[in-house]
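Below is one structure; the comments refer to it alone.
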């Protein structure tokens with residue numbers, strides 16, 4: 001049942017019959033403009049956030065990709081998932097922690113969907129442009145090859161550790177307890193040492 005108009009609206013609508021229509025139309029336009037301004041502000045904030053953390057997103061996607069096409073797909077899907085969840089981001093944790101969590105979950109889901117077993121990922125030529133020393137490049141290649149032989153969770157943990165995240169941040173991102181993170185990282189380091197000595 002429709003609510004009868006208030007006395008003021010009824011009075012003005014008898015004098016100016018189109019006033020309620022104009023008022024409603026104007027209010028809708030104002031509301032739409034406010035929403036558009038909020039969307040533009042939200043979009044600009046998101047773009048700035050992605051520009052600050054694009055290397056982090058790229059690194060995570062790189063570890064889970066098989067080739068350049070997969071890397072591009074993973075990166076694009078990660079950005080899309082970040083955009084979808086950005087309006088619900090409440091700054092309860094650091095932006096980097098939130099980005100890692102979304103990107104890791106995207107990569108692991110992508111990996112589960114399209115792959116039965118992990119593949120070795122060749123490093124791109126960009127690594128050679130960043131590092132001049134051939135010995136360092138060889139060591140980094142070896143490290144990436146060893147990391148690619150790890151399981152999904154192990155990859156995620158060691159990646160976050162190499163990014164110099166604290167154990168607490170790693171626990172927040174992965175959902176593991178602080179003690180579990182410390183124990184697993186210790187085991188992963190030992191595993192990497194054994195693998196490198198083989």
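Rule-based calculations on the coordinates, nothing more; no lab input. Nothing here was measured: the structure is a model prediction, and the numbers come from that model. For neighbour counting, all protein chains shown are included, and Cβ atoms are generated from backbone atoms with ideal geometry for every residue, glycine included.
So for the pair residue 166, residue 179, with labels modelled 7 Å out along Cα→Cβ, what separation do we get in nm?
Using points 7 Å along Cα→Cβ, the separation is 2.0 nm.
Could you sort 180-189, 44-53 so that the peptide with the highest average Cβ count within 10 Å comes first and the rest follow in order?
Final packing ranking: 180-189, 44-53.
Any idea how far apart residue 90 and residue 153 come out in nm if each label point goes 7 Å out from Cα toward Cβ?
Result for the modelled spin labels: 2.7 nm.
Which distance in Å, rounded to a whole number, links the C-alpha centroids of the range 62-102 and the range 154-187?
After rounding, the separation between the Cα centres reads 18 Å.
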